[in-house]
1. Among the residues of region 122-134, is there at least one that is farther than 15 Å from residue 108 by Cβ, over 32 Å from the mean Cα position of the chain (by Cα) and in contact (Cβ under 8 Å) with a residue 40 or more places away in the chain?
2. What's the number of the condition residue 205 fails, among (1) part of a loop (DSSP other than H, G, I, E, B); (2) at pLDDT 95 or above; (3) over 30 Å from residue 97 (Cβ atoms)?
3. Within the group 125, 87, 94, which residue is under 20 Å from residue 199 (Cβ atoms) and surrounded by 15 or more Cβ atoms within 10 Å (Cβ to Cβ)?
4. Give me the residue from region 150-193 that is outside any loop (DSSP other than H, G, I, E, B) and under 35 Å from the mean Cα position of the chain (by Cα) and, out of that set, farthest from residue 116 (Cα to Cα).
């Protein structure tokens, strides 16, 4: 025996109509705040490079050279200089018999070119012989000069008072003085010398005063 099965009503037809091809597009959905927004950040452009930030190499070199020149000029004018000046005026000598030693009296003029007093710390003489050897000796004590002059009268010719250590020369003043030194030379070798100089070292001064 066949049973008649009930049939449900057919589903209604869709009422959604297809969008025509020429209809305007819908706006894009709003961005999701949970997702990062892409940017055009470039680390090379942000921090820059030497090529992008520095001037041309020629300008840099010229600038460095100009600064070095200015610094050099300032250093040259502010460099330390001796506090005095002067010159050797007269030299006389006498051989010590049998000792291969020559006593030399050196008369010089010293000018204090500074704006403060000059205090003498030490006095020396340097001699360069004809063969290039250099000799140096400190000035003899002022109390011994009269004895040297008595034994060797040739030394006393046109001499001036001594200028012992601890002597003071006022600012702008000048003074003539004589020191006596000795060198292990003969008079002939001394007369053929290349140079003779007196070095005066003041107190509180880095550079000595050299008189030639």
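1. Yes, the conditions are met somewhere in region 122-134.
2. Of the numbered conditions (1) part of a loop (DSSP other than H, G, I, E, B); (2) at pLDDT 95 or above; (3) over 30 Å from residue 97 (Cβ atoms), the odd one out for residue 205 is (2).
3. Checking each option against the conditions leaves just 125.
4. 175
The values are calculated or read from the model by the stated rules, or taken from the named source; none is laboratory data. As the structure is a computational prediction, the values presented were derived from the model and not from experiment. When we count neighbours, we look across all protein chains shown, and the Cβ atoms used for this are built from the backbone with ideal geometry, even at glycine.
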